[in-house]
1. Condition test on residue 88, is it under 23 Å from residue 162 (Cα atoms) and surrounded by fewer than 22 Cβ atoms within 10 Å (Cβ to Cβ)?
2. Can you find even one residue in segment 194-202 that is under 21 Å from residue 155 (Cα atoms), more than 22 Å from the chain's Cα centre (by Cα) and not in a loop (DSSP other than H, G, I, E, B)?
3. Residues of segment 98-124 being surrounded by fewer than 24 Cβ atoms within 10 Å (Cβ to Cβ), closer than 16 Å to residue 168 by Cα and modelled with pLDDT under 95, which ones?
4. Write out, first by first residue and then by second, each pair whose Cβ atoms fall under 7 Å of each other, whose residues are 6+ apart or on separate chains, and whose first residue, in segment 42-69, is free of Cβ contacts under 8 Å to residues at least 40 places away in the same chain and on the phi > 0 side of the Ramachandran plot while the second is crowded, with 18+ Cβ neighbours inside 10 Å and in a strand (DSSP E or B).
5. Scanning for something more than 13 Å from the chain's Cα centre (by Cα), under 22 Å from residue 214 (Cα atoms) and surrounded by fewer than 18 Cβ atoms within 10 Å (Cβ to Cβ), does segment 167-175 turn up at least one residue?
6. Looking at segment 207-227 only, could you name the residues that are buried (at least 17 other Cβ atoms within 10 Å of the Cβ) and either touching a helix residue (DSSP H, G or I) at 6+ places or on another chain (Cβ under 9 Å) or not in a strand (DSSP E or B) (or both)?
7. Looking at segment 227-246, can you tell me whether even one residue there is closer than 21 Å to residue 154 by Cβ and under 22 Å from the mean Cα position of the chain (by Cα)?
């Protein structure tokens, strides 16, 4: 628990369950201007939230193993909220969380979410709401249940979604709602029961969808009531439409 505490390192720890009140257990909590902290190479086992960052900046979370199997219908692997910025989340393994693998909300910016392996979560693999100027890159997301979305963006601006692999569940690969200037490029999206990419109610600065491989899904790309550019994608062997554009 770090509160108004900077320049700390949390390394090579094993954290198990945390609390007898299982629903409240958080592995590491960083809040109220706790800046320039490093959380690396830890194991957070059977907890409801692995790492929680609030109102802080310049935090690195990398090479951790984060497991929420004690409460598979609750919790988040990594939670970032309340105006955080310059947050680097990389090379973590996140499994069995009920809400999201990686979650960010409430005006965060300059996030780098890269090279994480997220699997067997019951919400979105990566969920961003009201986030701007950030990158989601080279993550592997699979076996997402219930909410059924690999990467979900809402009310967000200037996000790069690049070189991710999303596969093997029944819902949407990348879903973008009420957002602007989202660049979805060089992703591999396959073996899904929904759309590879779905864009809905996105106006203003267009979303750009280019050079993605989208195959073995129900549909390829769906755009509804939005402004967008779709170029140079490889869409094949889907069950339904390759590209479906409605009310645009």
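1. Details: under 23 Å from residue 162 (Cα atoms): yes; surrounded by fewer than 22 Cβ atoms within 10 Å (Cβ to Cβ): yes.
The answer is yes for residue 88.
2. Taking segment 194-202 and keeping what is under 21 Å from residue 155 (Cα atoms), we get 195-202.
Applying the additional criterion that residues be more than 22 Å from the chain's Cα centre (by Cα) yields none.
Among the residues of segment 194-202, not one is under 21 Å from residue 155 (Cα atoms), more than 22 Å from the chain's Cα centre (by Cα) and not in a loop (DSSP other than H, G, I, E, B), which makes the answer no.
3. 120, 122, 123
4. 46/67; 55/31
5. Yes.
6. 212, 217, 218, 226
7. Here is the first cut: in segment 227-246, the ones closer than 21 Å to residue 154 by Cβ are 227-230, 244-246.
Still in the running and under 22 Å from the mean Cα position of the chain (by Cα): 228.
The answer is yes, given that some residue of segment 227-246 is closer than 21 Å to residue 154 by Cβ and under 22 Å from the mean Cα position of the chain (by Cα).
The values are calculated or read from the model by the stated rules, or taken from the named source; none is laboratory data. Values in this document were obtained by computation on a predicted structure and should not be read as measured data. Counting neighbours? That spans all protein chains shown, and the Cβs are built from the backbone with ideal geometry, glycine included.
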